[in-house]
Amino acid sequence: MAETRTLELLPAVDVRDGQAVRLVHGESGTETSYGSPLEAALAWQRAGAKWLHLVDLDAAFGTGDNRALIAEVTRAMDIKVELSGGIRDDDTLLAALATGCTRVNLGTAALETPEWVAKVIAEHGERIAVGLDVRGTTLRGRGWTRDGGDLYETLERLDTEGCARYVVTDIAKDGTLQGPNLDLLRSVCAATDRPVVASGGVSSLADLRAIAALVPDGVEGAIVGKALYAKAFTLEEALETVRAVAP
Ligand SMILES: O=C(O)c1ccccc1N[C@@H]1O[C@H](COP(=O)(O)O)[C@@H](O)[C@H]1O
């Protein structure tokens, strides 16, 4: 009998200056604050999340870091945690992995220091994912402020190096509640046999159904941010929705 796979949902907690925030298009200065990151993370856990997507935005932007707070939140979780933002060298990687997170997401490093990324993929396997943050088909790094090469060339390189999975964000959609870029997800899934986590634009339960329909193509999960904070739906409703449409 064919295996039933339910889309994983990863509620997001993005941290800037000690606060849980949401940005629009990932642009610094567009923050809406939602209070304590620990309270937000615990609320998603209580609602039934199996994963937390936790981002240190200051580290991603190069405006400092929230390392101690991020470690505190990660350690307080009983669920799996995906950590990202500012993980670009041995020190930041080892500190991130030492929090006990399930995996980390590398963004800028995959664009600027490919040899180091190949090395850590070989060393840490499933604990390393790469965040492919794109405008069109151009990757963006350093807080999404700088171009970092072509999506598909980079994907081919990372596949060859054994990258376990990709977190694909359409920057044009992120924080906008305009719906995910399903064409981009289909196109990335067609270009790699690795699992893909979708990020950016989820606005409704219908969007989650549409992403869940891509599970057979290789989409493994979806990050949900603004829609949860804006109360477009509850996490309980989202989890029930993806369970109901499991292919
Ligand atoms: O998640 C965001 O809104 C975001 C906005 C601007 C920059 C990065 C953002 N998030 C995640 O941070 C990592 C990249 O960090 P780095 O380049 O490795 O330092 C990546 O997972 C982004 O999706």
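Values as computed for the structure displayed
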| item | result |
| --- | --- |
| Listed residues Leu132, Leu42, Leu52, most fluctuating in the chain (Gaussian network, C-alpha, under 10 Å) | Leu42 |
| Of Asp183, Asp133, Asp56, the one that fluctuates the most in a GNM where the chain has Cα springs shorter than 10 Å | Asp183 |
| The range 101-154, dipole about Cα centre (Lys/Arg Cβ +1, Asp/Glu Cβ -1), debye to the nearest 20 | 220 |
| Alpha carbon centroid spacing (whole Å) that separates the range 171-247 from the range 1-77 | 16 |
| Accessible area expressed per residue, the chain, with surrounding protein chains retained (probe 1.4 Å, Å²) | 42 |
| Arg243-Asp147 pseudo-label distance in nm [points 7 Å out on the Cα-to-Cβ vector] | 4.7 |
| Difference of contour (0.36 nm per residue) and Cα-Cα distance, Glu115 to Thr32 | 26.2 nm |
| Residue-level accessible surface for Asp78, protein heavy atoms, 1.4 Å, Å² | 140 |
| Stokes-Einstein translational diffusion, the range 73-214 - Kirkwood Rh over all Cα pairs, 1.567 mPa s, 4 °C, in µm²/s | 84 |
| Share of carbon and sulfur in the accessible heavy-atom surface of the range 170-247 [1.4 Å probe, %] | 49 |
| The range 167-247: radius of gyration over Cα atoms, expressed as a fraction of 2.2 N^0.38 Å | 1.01 |
| Share of Cα-Cα pairs in the range 56-139 lying beyond 14 Å, as whole percent | 62 |
| Three-way shape label, the range 117-195, alpha-carbon gyration tensor, a/c 1.5 | prolate |
| Amide hydrogen neighbours beyond the local backbone of Glu220, cut-off 5 Å, H modeled | Val196, Val197, Ala198 |
| By accessible area with a 1.4 Å probe, ligands and nucleic acids excluded, highest first: order of His53, His124 | His124, His53 |
| Length-normalised contact order for the range 14-60 - Cα pairs under 8 Å, 6+ apart - percent | 41 |
| Gaussian network model of the chain, Cα within-10 Å springs - most flexible of Gly149, Gly225, Gly201 | Gly149 |
| Ratio of Rg to Rh over the chain (Cα coordinates, Kirkwood Rh, two decimals) | 0.93 |
| DSSP-defined beta bridges in the range 100-172 - what % are antiparallel, rounded to 5 | 40 |
| Environment charge of Leu23, counting only residues whose C-beta is closer than 10 Å and scoring Lys/Arg +1, Asp/Glu -1 | -1 |
| Entries in Lys173/Lys231; Lys173/Lys226; Lys50/Lys173 that, when Cα-Cα distance is taken, lie over 20 Å | Lys50/Lys173 |
| 5 angstrom amide H check on Asp14, placed H, neighbours 5+ away | Val21, Val55 |
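The values are calculated or read from the model by the stated rules, or taken from the named source; none is laboratory data. Because the structure is predicted, anything quoted here is derived from the model rather than measured. Positions of Cβ are backbone-derived with ideal geometry, glycine not excepted, and every protein chain shown enters the neighbour counts. To get the accessible areas, we keep the full protein, side chains included, count just its heavy atoms, and leave off ligands, DNA and RNA. Shrake-Rupley method; radii C 1.70, N 1.55, O 1.52, S 1.80 Å.
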